Amino acid sequence: MLPEDIIHCVQDIHVKELVKRLDWSVKIRWYYISISSLLILCVYLMLNGLKINLHYEYLIAANVFLFACNLFYHYQLRYSYDKCLGTHELRRYLFLQIMTDYLALTLVVYALGSIETPIILMIIPNSILSTLFFTPRQSLMITLFGMLMVIMPLILEYFHIIPIITIFDTSFKSLVLSEPAILLGYLFILTSGVVFCWYLLCSITNRLIKNELELESSYQNMLRLDEEKTHATLRSTHELKAPLAAIKSYVYALNAGYAGDVNDKVLKIITRIGKRCDYLLNNITDIIKLGNLKSYVVSDEQFYAMNLTLFLEKFITQYRALSQEKQITINLKNQLHNTEARIVANEENLQLIFSNILTNAINYSHPKGVIDIVLSEKKDKLCVSIEDQGIGIDEKNINNVFEEHFRANNAVEFYEGGTGLGLSIVKLCSQILGAEVQIKSKLEQGTIVTVLLKKGGL
Amino acid sequence: MSKVMIIDDDQDMIDSISLILEANDYEVVSKTDTENLIVDIESENPDLILLDIVFPEDAQAGFKAAREIAQQESLKNTPVLILSAVNQLSNLGFSFTENDISSDFMPVTGFIEKPVKPDVLLEKIKSSIT
């Protein structure tokens with residue numbers, strides 16, 4: 001089981017991060033064990049003739065120790081996934097892992113001549129981890145304790161408690177061990193350097209943590225506001241639409257004769273009431289849609305790879321009933337040559353774009369007309385053109401069609417149910433998807449609305 | 001004669017649907033809130049329930065009621081049709097479709113869009129009861 005698969009059980013962002021870092025730490029340790037074992041083998045085979053007094057037994061012991069501990073941590077991590085442990089337990093695990101690393105590092109430092117190689121600086125990666133997940137005081141204590149551990153071989157060598165190991169037979173180590181002042185000076189400089197590094201890391205990570213908390217808080221606020229907005233929109237939509245829906249339901253019932261016979265004059269009035277209800281229902285829906293789109297917060301997570309051909313095929317079936325009322329034929333013409341119509345978008349916005357364009361095409365077409373939906377490509381764009389043979393738009397009005405509530409005179413005369421908001425919705429949805437919309441029209445000849453969407457997948 | 005129970009806070013909606021159903025030989029009973037829901041449904045023992053979603057007390061009371069009905073052993077075979085003025089045709093971002101019907105999240109038989117078209121209503125009720 002991968003951490004990504006089970007990470008859903010932990011809600012806290014810090015726990016998630018801690019689990020990821022623990023997993024990362026175990027993986028890094030496996031890499032270190034593999035690479036260092038390989039290096040030991042190479043050095044043993046290739047550099048045996050050189051004057052390097054390597055104590056292979058200590059290096060192997062350090063690797064075996066790390067291997068055993070890491071195997072334990074590997075299974076401990078799985079246990080922590082299953083049990084969905086909190087930050088307290090996970091921090092304890094991290095502390096244990098850091099201490100293990102320091103212990104193994106101490107052995108390696110001793111085997112490599114204590115001060116003869118810069119291996120001592122390997123305490124810094126764990127210092128970074130401690131600054132990320134512990135308080136500044138705790139991380140300083142951990143860093144200082146690690147420092148004490150890795151300089152311990154040098155101190156013990158100075159007091160002749162353990163044998164002095166030197167791998168290069170240089171006089172540098174003898175010089176440091178010969179005078180207490182030099183040893184103290186060396187230790188002071190080393191410790192100061194590490195503490196300075198810790199201070200820099202701590203400042204950076206504190207700033208990062210502060211920013212992360214601010215971001216998290218803003219994100220939670222955004223989610224809450226978005227939820228509140230959805231509820232408010234739902235409530236207002238319902239409050240506005242429900243009375244009209246009741247009126248329209250009465251109209252349907254009266255029209256179908258469920259309240260007894262009505263004379264032609266009354267029937268005409270009822271039909272008019274029904275049409276005005278439709279207009280209001282559409283207008284309310286469009287106004288709320290427009291309001292929603294204007295406050296839409298775009299994020300990459302809302303988009304996904306889609307097949308435009310499949311979308312259009314499914315989309316057209318939704319408009320069969322509406323087109324059949326006017327005996328209008330809708331044709332889908334796919335002019336793509338062996339090109340897969342992949343785009344990154346979301347169905348909701350695509351649906352809003354094409355439903356408004358196609359509804360306009362149907363509403364402003366003459367009965368028994370033809371509407372062609374042509375799918376083609378132009379360089380890196382996929383083009384969907386909705387071509388009708390309807391009333392068209394006067395050239396002087398073509399630049400106003402995206403304005404809210406704009407309706408050309410011939411449109412009002414031909415179809416009174418329009419709200420003048422459809423193309424404003426199309427414009428906003430296109431902006432959200434990064435698409436382009438082009439309109440060509442000739443009065444009494446028809447209109448071509450083309451939507452250009454960028455090709456591509458995730 | 002099949003019995004249909006309409007649960008909707010809008011009396012006009014209840015009356016307009018009743019006009020259609022009573023003319024087609026259905027017995028209609030109604031309820032305008034979701035309080036004592038299970039007791040009232042069990043006492044009426046309807047063959048089908050028409051359930052609104054948004055009630056003054058809670059914008060999602062209808063969904064909650066549908067889940068409550070589905071969990072009741074005595075009512076689990078009673079078809080529930082959701083009535084909604086804010087559904088898939090609105091495309092408002094909180095829409096739902098027949099694909100969203102599931103035994104845990106939305107345990108209903110189907111949806112009917114408000115305003116209610118008589119032929120759609122009768123067809124849905126007929127197919128749900130049989």
Report summary line: In this structure, among A:241/B:31; A:241/A:368; A:396/A:427; A:326/A:381; A:20/A:294, pairs with alpha-carbon gaps over 27 Å are A:241/A:368; A:326/A:381; A:20/A:294
Query - Label-point separation, residue A:346 to residue A:192 (7 Å along Cα→Cβ), nm - result: 5.7
**Report entry** Amide hydrogen neighbours beyond the local backbone of residue B:116, cut-off 5 Å, H modeled
**Finding:** A:249
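For peptide A:286-292, compute the average count of partner chain beta-carbon atoms within 10 Å of each residue's beta-carbon.
Mean shielding count: 2.
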Query raised in the report: Across segment B:18-32, in residue order, what do the Karplus-derived ³J(HN,Hα) couplings come to in whole Hz, using 6.51 cos²θ - 1.76 cosθ + 1.60 with θ = phi - 60° and x for Gly and Pro?
Result: 4, 3, 5, 5, 5, 5, 10, 6, 9, 8, 10, 10, 9, 8, 9
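May I ask you to derive the FRET efficiency for residue A:294 and residue A:334 from their Cβ-Cβ distance with R0 = 30 Å, giving the value to the nearest 0.05?
In this case the efficiency is close to 0.35.
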Query raised in the report: What's the FRET efficiency of residue A:442 with residue B:22 using the Cβ-Cβ distance as r and R₀ = 56 Å, to the nearest 0.05?
Result: 0.55
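Relative to the present Cα-Cα distance, how much length would full extension add between residue A:232 and residue A:39 at 0.36 nm per residue of separation? Each step should come with its number before you reach the end.
Working: separation 193, 0.36 × 193 = 69.48 nm, distance 6.49 nm.
Roughly 63.0 nm would be gained on extension.
Report, in order of residue number, the helices in chain A meeting two criteria: a C-alpha extent of 27 Å or more along the helix axis, and a mean Kyte-Doolittle hydropathy of at least 1.0; treat each whole DSSP H run as one helix.
Values: long enough: A:13-46 (48 Å, 0.79); A:56-83 (40 Å, 0.09); A:87-111 (36 Å, 0.61); A:136-158 (32 Å, 1.27); A:180-255 (107 Å, 0.24); A:264-294 (44 Å, -0.01).
Membrane-span-like by this rule: A:136-158.
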**Report entry** Point-charge dipole on Cβ atoms (K/R +1, D/E -1) for segment A:270-422, about Cα centre, debye to 20
**Finding:** 320
Report summary line: The exposure ranking of B:64, A:396, fewest beta-carbon neighbours within 10 Å first, is A:396, B:64
Requested in this report: Rank by packing, highest mean first: peptides B:28-40, A:275-287, with packing defined as the count of other Cβ atoms within 10 Å averaged across residues.
Outcome: A:275-287, B:28-40
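Size of the dipole of chain A about the Cα centre, Lys and Arg at +1 and Asp and Glu at -1 on the beta carbon, nothing else charged, in debye to 20? Don't skip to the answer; put the middle values down first.
Details: 42 positive and 44 negative charges, 118 e Å.
For chain A, the charge dipole is close to 560 debye.
Is there a simple number for the mean count of other chain Cβ atoms within 10 Å of the Cβ of residues in B:18-26, and what is it? Intermediate values should be presented prior to the final figure.
Details: counts 2, 8, 6, 1, 1, 6, 1, 0, 0.
Partner-chain Cβ atoms within 10 Å, mean over residues of B:18-26: 3.
Could you work out, residue by residue across A:229-239, how many beta carbons of other chains sit within 10 Å of that residue's beta carbon, and then give the average as an integer? Before the final figure, lay out the partial values.
Details: counts 1, 4, 3, 1, 4, 9, 4, 1, 6, 9, 3.
Mean inter-chain Cβ contacts per residue within 10 Å come to 4.
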Query raised in the report: Tell me, what ³J(HN,Hα) does each residue in segment A:404-410 have, in order and in whole Hz, if you take phi through Karplus 6.51 cos²θ - 1.76 cosθ + 1.60 with θ = phi - 60° and put x for Gly and Pro?
Result: 5, 6, 6, 9, 6, 4, 5
Query - Cα-only radius of gyration and Dmax that characterise chain A, units Å - result: 36.6, 120
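Values in this text are rule-based calculations from the coordinates and carry no lab data. Computed from a predicted structure; not experimentally measured. With ideal geometry, Cβ positions are generated from the backbone for all residues, glycine too; neighbour counts draw on all protein chains shown.
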